[in-house]
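The values are calculated or read from the model by the stated rules, or taken from the named source; none is laboratory data. Remember, it's a predicted structure, so these values are computed and weren't measured experimentally. As a convention, Cβ positions derive from the backbone with ideal geometry for all residues, glycine included, and neighbour counts pool all protein chains shown. These area figures cover heavy atoms from the full protein model, side chains too; ligands, DNA and RNA do not enter into them. Shrake-Rupley method; radii C 1.70, N 1.55, O 1.52, S 1.80 Å.
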Amino acid sequence: MTMRNINILFILFLFFLASCNEICPEITDPVIEDNGNVVLIEELTGASCPNCPKGTAAVKAILDKFPGKVAAIGIHGKFLCEPVKNRSKYDFRNEKAKNLEEWFLPWLGKPAAAFNRIDQNSTDEKYAIFATGLWQSQVEAELQKEHVMNILMDVKYDETNHVANIDFTAIPLKDLPGEYNYSIFLTESHIIDAQTNGSVIIDDFEHNHVLRDMATNFQGDFLGNNLLKNNIIKKSIPYPFPKESIDLWNPDNMEVVIAIHPNSTTPSRVIQCAFKHLK
């Protein structure tokens, strides 16, 4: 090989290195500043849904990535939500979960998740997105939106009478015209029971954030209208546990989630959310 050819090869090698550096930059996660926003994830799932463990994993990854900034609710409504035949010990379905699942229609299938009930402007997916690969970006976008309300909450559980006493204070950070509702969800985690996963059944699957009930109407209860900046709104809501739940639900593994949103006959964007362990 001549010296000329060696020089040409050396130049091409340097060019290759430069090109790689130009088109292969290091990819880093976006920096999400903590501005006080808390995002609500409402996941449509089901014990008999073969694809739903993928949604469970996606939600867990988001919660791990944004601790304290995301509240999750697992909605076991109607579609693919029946207990696994001859394998399930529990039935996670309830009337308000069914109402929420229908309220989010249309959606393509399960798992699907709504993020602060954002309207996706799609004829196939009005609120709940089927593609789990898009879920994190939805959360990131909501976390970076304007922070318009603070929610302070306190929860005490009366073990003798089986009553959750839920107190919260809503503080608008700007004038918010229109009428607003609040929704209160009670969820339970660490429930070990059967789950369909593809063509197999996982008997010891861990079900988390299961919607057990709501302390409000599924569309929420009235909070106020034309909310003014720094005008404090306080609510105290006692939630007596249904008799049939006392030996079924484990208060040690339960959370209370509060979401504030416009009063509407259709889902409207949640402007702020808060959550706290029941005990």
* To do: Spot the failing condition for Arg117; the list is (1) open to solvent by less than 50 Å² (accessible area, probe 1.4 Å); (2) not in a loop (DSSP other than H, G, I, E, B), and only one is missed.
  => (2)
* Asked: Are any of the residues in the range 222-244 surrounded by fewer than 16 Cβ atoms within 10 Å (Cβ to Cβ) and within 23 Å of the chain's Cα centre (by Cα)?
  -> yes
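If you check Phe222 against the conditions, is it touching a Leu at 6+ places or on another chain (Cβ under 8 Å) and among the hydrophobic types (A, V, I, L, M, F, W, C)?
Here the answer is no, as Phe222 does not meet what is asked.
For the range 183-201, name all the residues that are out of contact with any Pro (no Cβ under 6 Å at 6 or more places or on another chain) and outside any strand (DSSP E or B).
Residues satisfying the conditions are Ser189, His190, Ser199.
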* **Residue list for the range 153-164, restricted to those being closer than 26 Å to Asn231 by Cβ and surrounded by 14 or more Cβ atoms within 10 Å (Cβ to Cβ)** => Met153, Val155
* Asked: Are any residues in the range 32-74 aliphatic (A, V, I, L, M), farther than 28 Å from Val84 by Cβ and part of a loop (DSSP other than H, G, I, E, B), and if so, which ones?
  -> Ile32, Val38
* Asked: In the range 230-263, how many are touching a strand residue (DSSP E or B) at 6+ places or on another chain (Cβ under 8 Å) and assigned to a loop (DSSP other than H, G, I, E, B)?
  -> 8
* Asked: Within the range 174-221, can you find the residues that are touching a helix residue (DSSP H, G or I) at 6+ places or on another chain (Cβ under 6 Å) and under 25 Å from Phe104 (Cα atoms)?
  -> Glu188, Ser189, Asn197, Leu211, Met214, Phe218
* Is it fair to say Arg87 is without any contact (Cβ under 8 Å) to a residue 40 or more places away in the chain and touching a strand residue (DSSP E or B) at 6+ places or on another chain (Cβ under 7 Å)? -> no
* Please enumerate the residues belonging to the range 124-139 that are in a helix (DSSP H, G or I), of a type outside the set (S, T, N, Q) and buried (at least 16 other Cβ atoms within 10 Å of the Cβ). => Trp135, Val139
* How many of the residues making up the range 43-57 are buried (at least 24 other Cβ atoms within 10 Å of the Cβ) and of a type in the set (S, T, N, Q)? -> 1
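Please go through the range 90-110 and give me each residue that is closer than 21 Å to Asp193 by Cα and either loosely packed, with under 15 Cβ neighbours inside 10 Å or without any contact (Cβ under 8 Å) to a residue 40 or more places away in the chain (or both), ordered by number.
Asp91, Arg93, Glu95, Lys98 - these are the residues of the range 90-110 that are closer than 21 Å to Asp193 by Cα and either loosely packed, with under 15 Cβ neighbours inside 10 Å or without any contact (Cβ under 8 Å) to a residue 40 or more places away in the chain (or both).
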* Asked: Which of the residues spanning the range 251-262 are farther than 14 Å from Thr160 by Cα and either open to solvent by less than 60 Å² (accessible area, probe 1.4 Å) or free of Cβ contacts under 8 Å to residues at least 24 places away in the same chain (or both)?
  -> Asn253, Met254, Glu255, Val256, Val257, Ile258, Ala259, Ile260, His261, Pro262
